[in-house]
Structure formats: C-alpha cells, structure tokens
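Down below is the structure, laid out as structure tokens.
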Amino acid sequence: MLIIHREDLASYGWDVVRNSQAVEKSYLERDPSATLRAAAWIQHDVAQKLFTMAGLGDLDKGIARAGVAGAFHAVELPVRLHAHVESRVRRYVSANVVGKVAGVAEGGNAVLYTAHYDHLGIDPDMKGDNIFNGAADNGTGCGIVMELARAFAQSPVKPPHDVYFASVTAEEQGLLGSQFLGMHPPVPASQMGLDLNYDMLLPIGIPRSANLTGAERIDFSPTVKRVAKAFDLELLPDPSPMAGHYYRSDHFSLARVGIPAFSVDQGDLFAEHDLAWGEAQMADYETHHYHQPSDEYKADWDFRGNAKLARFGFVLGWLASEQAKPIEWLPGDEFEAARKASERGRD
C-alpha cells in the first residue's frame, strides 16, 4: 500500500509525515489485523506521475471518485516498482499504565480516561535539538488524566462505578497502545460505559468552545450538550472533517471494540479573543511545532483552559458513571454492531 499525502486532506504538511514515518516503526506482536506485506507514504506529485504513467488521468479527480460510497473499484496498475528493502526486527516491551479508583458498585458503566504518553523520541540524524519532547502533544493530555485520577481518588464521595485512567503507549506509531488496551480492557468492553480521551490541548487561554467529534453518535449526547452549556463551551463542528480526526486518536481504538468514546478537544474560540485568533494559534502550532522538537514547555503557557476541560471531563465521567443503563451508540452507527456483540458476550 502506498499512502498518498495531500495536505488539505491530512491537515498537516509533508514534514510531519517525514518526522513521524521515516523512523523505526513499531507493531503489535501477533496482531490479528496486521495483513499488509508492505506500506509507505508518497507525495502528491509522485502519485500523480504514477497515475499519468498508468493512463488514469487526474489524481484528485480519482480521489474524489473513490470517496463516493460504493464507487471505488480496484484496478491493477501497468506499473512495476523494483526495490530492495532490508529490515531488522527487534522485540521490546512498551507498557500501558492503568490506574483505578473504585466506585460504589463494581461492573457496568465503568468510565475510562485515556491519553498517550509517547512521542517520536530522538532523531540521531538531526542536527541541533533532536529531541521530540511532545509537550503539548501529549504532555497536556497526560497531565489532565493524572489530575483527574487525583480528583476522583480524593473525592469524599465515591463515584457510582469504577473509574479507570490509562496512559497508553505507541499512539504515534498507529494507536498501538490503545489498540492493545481495547483488545485487553481492564473490564469487559460491555461493562465500559464511556471513554473520554485527551490529546494535544494547547495551553493558550480559556476556551469558550470545544470540539467533541463523536459525542453526537451516542445516546449520552444530550447530557454532553447540557454540561457543555453549563461550562460556557460552544460545541463547534469539526473544522476539517475531511481529515478524519475521529479515526486518528486513541478513543478510536476503544470505539472499535464497541465502547462509546470520543476526545475532549478545545475549539478555536477563546475568552478575550475572536475566532480568527484561535485559528491562527492552531495554524502556527501545526506549522512550526507539531511533531517537531520545538514542541516543548514554554514558561508563558496558560494552563487555565486545560484545567477547565479537566473539570468538564470530570463532570461528564461522573454523570456517565451514574447512568441507569449502559450508554449506547445511536442506531445504525458503524460501532453499534461491536457494542451489541460485546453485550451478547456478557450475557
């Protein structure tokens, strides 16, 4: 498989691909879904040359056609690639870290909070600062999950059901840590009521908006909207739905096994600023710091917004824990079947 990189669809530049993919890759041992013989990324202009050589015309028109439901049909390209690739395999263990705060009742409606603690490590071939610190992506999410664990543990009132906190590994390698967690959850997936994930929350002020893509797909959505209103958070639509953000963070691994899941992300509207300011801040981060060594702690960061979204997630998790019946995907959702299968397994 050759993955074609198009900046407008991916929402990031080729440098992000190069920094993230031109490094040692990790895979889950004995992963039942690992069926590809080989995979790589290519730039848009290279893909267009392949299309031209194969007589397939304009690449972007082909991508648009392939995006229509039921319209894609594979064709064999009259083009051959000759390459010599040498691989070395090393086995190593990288741990997920999971904690638990016991609730009043065991089983059913357990709540899970997740964030990934890995980043890209060190690039020995890069001159100068070659440490990919990952301060915003995703030190911020890990800090929030740790603070949520402290708040639940120190609460004088126990949550209605058990609450779990997971810092997962290898997100940057393809959601591998959360995939393993989904394959081996601390309780059966049918007993997990909700996963709330935190990933890359820029500490730049107090958000007055949030992106909760995926929350609209579960029957807990009315509660999410009510709590967001109480927190003065306008729920904004995904600003770049073509980028498929829902499928690019750890909550997706839990959704795949049926657990209702979404990420708590800040929107681009912040207190004392207009929407354009927030959009510019995010664009600057993605251009100059995302998946780069410069994603490191800044002394002038404003963490009040991270605290606000932590409190927001605390309330959502508590309310999910006290639901009278399990949270479900809305009828017809792509993850509904996995949820029902997990519930049949429980019965």
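Tabulated data
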item: Tally, over the range 114-132, of residues that are under 29 Å from G317 (Cα atoms) and not acidic (D, E); result: 5
item: Every residue from the range 164-185 that is open to solvent by 20 Å² or more (accessible area, probe 1.4 Å), over 15 Å from T140 (Cα atoms) and of a type in the set (G, A, S); result: G174
item: Residue check for N197: of a type outside the set (V, I, T), open to solvent by 20 Å² or more (accessible area, probe 1.4 Å) and touching a His at 6+ places or on another chain (Cβ under 9 Å); result: no
item: Single match in A66, A71, A39, A34 (criterion: farther than 30 Å from P293 by Cα, touching a Leu at 6+ places or on another chain (Cβ under 8 Å) and without any contact (Cβ under 8 Å) to a residue 60 or more places away in the chain); result: A34
item: Long-range neighbours under 7 Å by Cβ, at least six apart or interchain, first residue closer than 12 Å to R256 by Cβ and modelled with pLDDT under 95 within the range 174-188, second open to solvent by 50 Å² or more (accessible area, probe 1.4 Å) and assigned to a helix (DSSP H, G or I); result: none
item: Residue pairs meeting the criteria (Cβ under 9 Å; at least 6 apart or on separate chains; first farther than 12 Å from R208 by Cβ, in the range 228-244; second among the acidic types (D, E)); result: P239/D268; P239/E279; S240/D8; M242/D8; A243/D8
item: Residue tally, condition assigned to a strand (DSSP E or B), open to solvent by 30 Å² or more (accessible area, probe 1.4 Å) and within 25 Å of S253 (Cα to Cα), over the range 100-116; result: 1
item: The range 56-91: number of residues that are at positive phi and open to solvent by less than 60 Å² (accessible area, probe 1.4 Å); result: 1
item: So L81, is it assigned to a loop (DSSP other than H, G, I, E, B), more than 21 Å from G121 (Cβ to Cβ), free of Cβ contacts under 8 Å to residues at least 24 places away in the same chain and of a type outside the set (F, W, Y); result: yes
item: Residues of the range 1-55 satisfying the condition of being in a loop (DSSP other than H, G, I, E, B), open to solvent by 60 Å² or more (accessible area, probe 1.4 Å) and of a type in the set (A, V, I, L, M, F, W, C); result: M1, A22, A34, L36, A38, A39
item: Residues located in the range 203-256, provided they are within 28 Å of Y297 (Cβ to Cβ), open to solvent by 40 Å² or more (accessible area, probe 1.4 Å) and part of a strand (DSSP E or B); result: I204
item: Selection within the range 117-150 - assigned to a strand (DSSP E or B), out of contact with any His (no Cβ under 8 Å at 6 or more places or on another chain) and either touching a residue at least 40 places away in the same chain (Cβ under 8 Å) or open to solvent by less than 70 Å² (accessible area, probe 1.4 Å) (or both); result: G121, I131
item: Residue match in the range 87-98 (condition: over 25 Å from M192 (Cβ atoms), assigned to a helix (DSSP H, G or I) and small (G, A, S)); result: no
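Yes/no matrix, rows are residues, columns are (1) modelled with pLDDT of 95 or more; (2) under 18 Å from E234 (Cβ atoms); (3) within 23 Å of the chain's Cα centre (by Cα):
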| site | (1), (2), (3) |
| --- | --- |
| G278 | yes, yes, yes |
| T287 | no, no, yes |
| E296 | yes, no, yes |
| K325 | no, no, no |
| G332 | yes, no, yes |
| E336 | yes, no, yes |
| D347 | no, no, no |
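The values are calculated or read from the model by the stated rules, or taken from the named source; none is laboratory data. Here the structure is a predicted model, which is why all the values come from computation and not from measurement. All Cβ positions, even for glycine, are placed from backbone atoms using ideal geometry, and neighbour counts span all protein chains on display. When the accessible area is computed, the model is the full protein with side chains, heavy atoms only, and any ligands, DNA or RNA have been set aside. Shrake-Rupley method; radii C 1.70, N 1.55, O 1.52, S 1.80 Å.
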